[in-house]
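Notes for the one structure printed next.
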Amino acid sequence: MPFTLAHPAAVLPLLRPPFSPAALVCGATAPDMPYFLAAARIPVSAQSWYEPFLNATVSHGLSGLAVSVSFALALLLLYAGVRRPVAALLPGGRAPHGRGGRSARRVGGVLLSVLIGVATHLLWDSFTHADGWAVVHVSPLRARLAADLTVARAVQHLSTAGGLAAVAAHLWRRGRRAPGGGAGPTALPAPVRRTTVAALALAALAGAAARTHPLASYRGGPAAADRVGTREALETVASDWATGGGAALVLALLLYACLWWGHRVWRIRTARSTREASA
């Protein structure tokens, strides 16, 4: 599959009214959430009521649209909780302000944006997944370029690189257009920012390491028929690193956000008590 963080590239042209940018991005990444939940090793069986939410095959099909939409809405709630704490980690003058456009507060606009984001993900993956609709019905996508490298797999790698480049370019342009100036009222001191960012990076690295299996296991069993190629083994390693590191980073961000909001509430109450005492 294309790397999850490349999928928002498909909705970049739509990041404007009447659409909700956050909902578009959450929808574009939502179908891959079962891959990240797998890092938690949640016990599941076919009879578990939550099994569809841990099944990437379900979330990548039209029959699992409700699952993907549910994930997107959950991501939106997480975004609402971490937006300001994460903004406080940005250099002075780069933190976003405001509460978002009016369209983001309209349920209809949010749901439409979520559905569009999910649709772009499913369409993109249909050209890269071995069981994708386009791959199954368009025979040239199944043609082999070299060894076990098919056209669809090549499209996967090229589109991932292109998507990540497009997202990086978009963020760079947004950063250049952001107003300069001093740090905002919620910005953290530079030493605290650096320490927090380092801690988040270490959490992601620890998650990636915890998700990594013995290297020999990535090559398959001892029998020749069970062995896999180097490319496929490396893809599996990269997938484990991405899902393990991503899951750990999300948990670390949630912990940091809770601490940030707790400290903010404490500061507000302390300032209010000081004003009342001096009145």
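I'm told W261 meets every condition in (1) at pLDDT 90 or above; (2) under 20 Å from I42 (Cα atoms); (3) surrounded by fewer than 17 Cβ atoms within 10 Å (Cβ to Cβ) except one. Can you identify the failing condition by its number?
(2)
Just to be sure before I move on: is A6 in the same structural domain as L149 (by TED's automatic domain parsing), assigned to a helix (DSSP H, G or I), small (G, A, S) and surrounded by fewer than 18 Cβ atoms within 10 Å (Cβ to Cβ) in the structure I sent? Spell out the reasoning first.
Details: in the same structural domain as L149 (by TED's automatic domain parsing): yes; assigned to a helix (DSSP H, G or I): yes; small (G, A, S): yes; surrounded by fewer than 18 Cβ atoms within 10 Å (Cβ to Cβ): no.
In short, no.
Out of curiosity, is A199 surrounded by 12 or more Cβ atoms within 10 Å (Cβ to Cβ), in a helix (DSSP H, G or I) and at negative phi?
Values: surrounded by 12 or more Cβ atoms within 10 Å (Cβ to Cβ): yes; in a helix (DSSP H, G or I): yes; at negative phi: yes.
In short, yes.
Under 9 Å between Cβ atoms, at least 6 apart or on separate chains: pull out the pairs that start in the stretch 261-279 with a residue that is assigned by TED's automatic domain parsing to the domain that holds V82 and end on any residue that is of a type in the set (G, A, S) and assigned to a helix (DSSP H, G or I).
Every condition considered, no pair remains.
Restricting the search to the stretch 179-210, which residues are in contact with a Gly (Cβ under 7 Å, 6 or more places away or on another chain) and modelled with pLDDT under 90?
P179, G180, G181, G182, A183, A187, listed by residue number.
Give me the pairs: first residue in the stretch 61-81 and at negative phi, second residue surrounded by 21 or more Cβ atoms within 10 Å (Cβ to Cβ) and not in a helix (DSSP H, G or I), beta-carbon distance under 9 Å, and six or more apart or on different chains, which are they?
Correct list of pairs: S68/H60; L76/S20.
For the stretch 11-40, which positions are over 20 Å from R106 (Cβ atoms), modelled with pLDDT of 90 or more and either hydrophobic (A, V, I, L, M, F, W, C) or surrounded by fewer than 19 Cβ atoms within 10 Å (Cβ to Cβ) (or both)?
First pass over the stretch 11-40, keeping only residues over 20 Å from R106 (Cβ atoms): 12-13, 29, 31-40.
Now restrict to residues that are modelled with pLDDT of 90 or more: 12-13, 29, 31-37.
Across the stretch 11-40, the qualifying residues are L12, P13, M33, F36, L37.
The values are calculated or read from the model by the stated rules, or taken from the named source; none is laboratory data. Small disclaimer: the values here were computed from a predicted structure and weren't measured. All Cβ positions, glycine included, derive from the backbone under ideal geometry; neighbour counts span all protein chains shown.
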